[in-house]
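S.K.: Pasting a structure here, questions to come.
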Amino acid sequence: MHRYLQQFNFGERTGIELPGEIGGIFRPLKQWTRKYSLVSISMGHEIAVTPLQFITAFCSIPNGGQLLRPKIVKSTIKNDNQTKEELQYPQPVRRVMSANVARNIMNPILMKVITEGTGKNANLLEYDVAGKTGTSQKIHGEGGRYSHEKYVGSFIAYAPAERPRMCVLVMINEPRNGEYYGGIVAAPVVGEIMRRSLVYLGVEPSGFKMAMQ
């Protein structure tokens, strides 16, 4: 598991063109414990990733199994306001899963999260969505223990699922009103952002859903 997680560059900066990026927390293998680490890291404990690391790793699925280095600049315009330089498409870092696994295993699983699982609040009438909920416990005090009262609810998704045009991550820090699960507090926000953005971009509805209308 440690070697595979390293493939996603957890614990390292992504290299995006922004100052102040941090690498998160991903401990060396020698600091893992045989009894606890395998289970706890699978639940998201003993590791801390930034939102940018999170969405970069997740996007390897809609990108056909390729981990890409994120970019924020699409093009530059020189002083004459006419000469435009298109920058290169985000460069692949490495392949982290096969295209077959990404498309035929992970994509259907993430679509079922939306249609049958905890992500129903992000389901869209016009588009197929693939995503995953997340509910994280925050660190409590200086002892490094996980709180049972403070959470971060998150939801990440891409759409249209078969031909992705966008990926959205929403994280709600310490949700109020007694609800803190990502599928409840963050999924509706992701769904609304995607719906408006896909319409704005002129993306055609997903084939099956278009046929059902």
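The values are calculated or read from the model by the stated rules, or taken from the named source; none is laboratory data. Since this is a predicted model, take the numbers as computed values, not measurements. Heads up, the Cβs are rebuilt from the backbone with ideal geometry, glycines too, and the neighbour counts pull from every protein chain shown.
S.K.: Any idea which of Val152, Val170 is closer than 20 Å to Leu52 by Cβ, aliphatic (A, V, I, L, M) and in contact with an Asp or Glu (Cβ under 8 Å, 6 or more places away or on another chain)?
M.R.: On the way: Val170 fails: in contact with an Asp or Glu (Cβ under 8 Å, 6 or more places away or on another chain).
The conditions single out Val152.
S.K.: What tally of residues in segment 17-62 results from selecting those that are closer than 30 Å to Asn104 by Cβ and touching a residue at least 60 places away in the same chain (Cβ under 8 Å)?
M.R.: Here the count works out to 8.
S.K.: Residues of segment 1-59 being surrounded by fewer than 14 Cβ atoms within 10 Å (Cβ to Cβ), in contact with a helix residue (DSSP H, G or I) (Cβ under 9 Å, 6 or more places away or on another chain) and within 19 Å of Thr133 (Cα to Cα), which ones?
M.R.: Residues satisfying the conditions do not exist here.
S.K.: Moving to a separate point now. Being in contact (Cβ under 8 Å) with a residue 60 or more places away in the chain and in contact with a Phe, Trp or Tyr (Cβ under 9 Å, 6 or more places away or on another chain) is the filter here, so list the residues in segment 104-136 that pass it.
M.R.: Once the filter is applied, which keeps residues that are in contact (Cβ under 8 Å) with a residue 60 or more places away in the chain and in contact with a Phe, Trp or Tyr (Cβ under 9 Å, 6 or more places away or on another chain), segment 104-136 yields Thr118, Gly119, Asn121, Ala122, Asp128, Val129, Ala130, Lys132, Gly134, Ser136.
S.K.: Looking for something at negative phi and at pLDDT below 85 - is there at least one such residue anywhere in segment 44-57? It would help to see each step written out before you state the result.
M.R.: Our first condition is that a residue be at negative phi; within segment 44-57, this holds for 45, 47-57.
Cutting the leftovers down to at pLDDT below 85 gives us none.
For segment 44-57, residues at negative phi and at pLDDT below 85: absent.
S.K.: Residues of segment 97-145 being among the aliphatic types (A, V, I, L, M), over 24 Å from Val203 (Cα atoms) and in a loop (DSSP other than H, G, I, E, B), which ones?
M.R.: Kept after step one, since they are among the aliphatic types (A, V, I, L, M), are these residues of segment 97-145: 97, 99, 101-102, 105-106, 109-111, 113-114, 122, 124-125, 129-130, 139.
If we keep only those that are over 24 Å from Val203 (Cα atoms) too, we end up with 97, 101, 105, 139.
Met97 - this is the single residue of segment 97-145 that is among the aliphatic types (A, V, I, L, M), over 24 Å from Val203 (Cα atoms) and in a loop (DSSP other than H, G, I, E, B).
S.K.: How many of the residues making up segment 148-165 are out of contact with any helix residue (DSSP H, G or I) (no Cβ under 6 Å at 6 or more places or on another chain) and within 20 Å of Ile109 (Cα to Cα)? It would help to see each step written out before you state the result.
M.R.: To start, the set of residues in segment 148-165 that are out of contact with any helix residue (DSSP H, G or I) (no Cβ under 6 Å at 6 or more places or on another chain) comprises 148-152, 158, 160, 162-165.
Narrowing the set further to residues that are within 20 Å of Ile109 (Cα to Cα) leaves 158, 160, 162-165.
Residues in segment 148-165 being out of contact with any helix residue (DSSP H, G or I) (no Cβ under 6 Å at 6 or more places or on another chain) and within 20 Å of Ile109 (Cα to Cα): 6 in total.
S.K.: Filter segment 117-147 down to the residues that are modelled with pLDDT of 95 or more and among the aliphatic types (A, V, I, L, M), then identify the one that is nearest to Met106 (Cα to Cα).
M.R.: Among those residues, the one meeting the criterion is Ala130.
S.K.: For segment 1-59, enumerate the residues that are more than 29 Å from Lys74 (Cα to Cα) and of a type in the set (Asp, Glu).
M.R.: Result: Glu46, single match.
S.K.: Take the residues in segment 174-198 that are assigned to a helix (DSSP H, G or I) and without any contact (Cβ under 8 Å) to a residue 24 or more places away in the chain, then tell me which one is nearest to the chain's Cα centre (by Cα).
M.R.: Glu192
S.K.: Which one of the conditions (1) of a type outside the set (Phe, Trp, Tyr); (2) within 21 Å of Val168 (Cβ to Cβ); (3) under 17 Å from the mean Cα position of the chain (by Cα) does Leu18 fail to meet, given that it meets all the rest?
M.R.: In the conditions (1) of a type outside the set (Phe, Trp, Tyr); (2) within 21 Å of Val168 (Cβ to Cβ); (3) under 17 Å from the mean Cα position of the chain (by Cα), Leu18 misses (3) alone.
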